[in-house]
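What follows is one structure encoded as structure tokens, with my remarks underneath.
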Amino acid sequence: MKSQQNLKQLYRADDPARYEKCLVRPIGQIDRQAIVDEKAHIDQIVATLGLKEMIQGTLIRKLCTYTAPNPTRRAIFEFDKLIRSLYTLRYLRDPQLQRNVHRSQNRIESYHQLRSAIAQVGGKKELTGRTDIEIEISNQCARLIANAIIFYNSAVLSRLFAKYEASGNAKALALIKKISPAAWHHIHLNGHYTFRDDGQIIDLDVIVAGLELGGRNFRGFRLTPPYSKHATRAKCRATARNRRRSWD
């Protein structure tokens, strides 16, 4: 499915006749002359982005305000076709790049699941607030909590990794590499919290010293995603049926 989508981003830069016998054919041609004619402007835009004087979103919005025949806009879009085509060819030919991309997408999905779980604490909706400012404050608060959870998980996993690396436990090291720092199943999101400023810092080394990977006191990090709602309900119904049979 991903490969089919990538083929829609494949363009050619030379004679179309060269690709008539190819299994994978480009869907269009890049206007190289348009890129060459606007090279000075493209260099300026690249330098502006490199110096952080403008973000990509602002650049795209400005370009979209120009008319389609505008030479700078046309050159940027043609140059974008070239970059996308090169990436598509690399993706189709490099299995390691495909694995890296899928791994990155899984990390992004894990983060979105964490944000969704935080936003729905206490049965709330994902977006809370009546005004744009209140919604933005709610969003940034959830973002802060998510970053705190990821930092805590990463700090614990890093200390565990150093611990088992020193002891030469290859099995535990391989298991740690599969654990996501975006896990939240060991975090009690519901409940009462007390925030104190007594100057005491949580000693993560003490926490890690009492953890044994795979032991009874290490149940927080999960390697597999949680059950869906339908799967959980089916499991509960099956458990209830088994209990009724045992009572009968």
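The values are calculated or read from the model by the stated rules, or taken from the named source; none is laboratory data. Fair warning: this is a prediction, and the values are worked out from it, not measured in the lab. Cβ atoms come from the backbone with ideal geometry, glycine included; neighbour counts cover every protein chain shown.
Numbers for the structure displayed
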read-out: Tally, over region 206-223, of residues that are at pLDDT 80 or above and exposed (fewer than 10 other Cβ atoms within 10 Å of the Cβ); value: 1
read-out: Count of region 77-94 residues which are within 13 Å of Ile42 (Cβ to Cβ), among the charged types (D, E, K, R) and either in contact with a helix residue (DSSP H, G or I) (Cβ under 7 Å, 6 or more places away or on another chain) or surrounded by 15 or more Cβ atoms within 10 Å (Cβ to Cβ) (or both); value: 1
read-out: Filtered residues of region 10-26 (kept if under 35 Å from the mean Cα position of the chain (by Cα) and surrounded by fewer than 12 Cβ atoms within 10 Å (Cβ to Cβ)); value: Cys22, Leu23
read-out: Residue among Ala172, Ala231 that is small (Gly, Ala, Ser) and at pLDDT 75 or above; value: Ala172
read-out: Close pairs (8 angstrom Cβ cut-off, 6 or more residues apart or separate chains): closer than 17 Å to Ile179 by Cβ in region 97-113, of a type in the set (Gly, Ala, Ser) anywhere; value: Arg107/Ser180; Arg107/Ala182; Ser110/Ser180; Ser110/Ala182; Ser110/Ala183; Tyr111/Ala146; Tyr111/Ala182; Gln113/Ala182
read-out: Verdict on Arg74 being surrounded by 13 or more Cβ atoms within 10 Å (Cβ to Cβ), touching a residue at least 12 places away in the same chain (Cβ under 8 Å) and touching a strand residue (DSSP E or B) at 6+ places or on another chain (Cβ under 8 Å); value: no
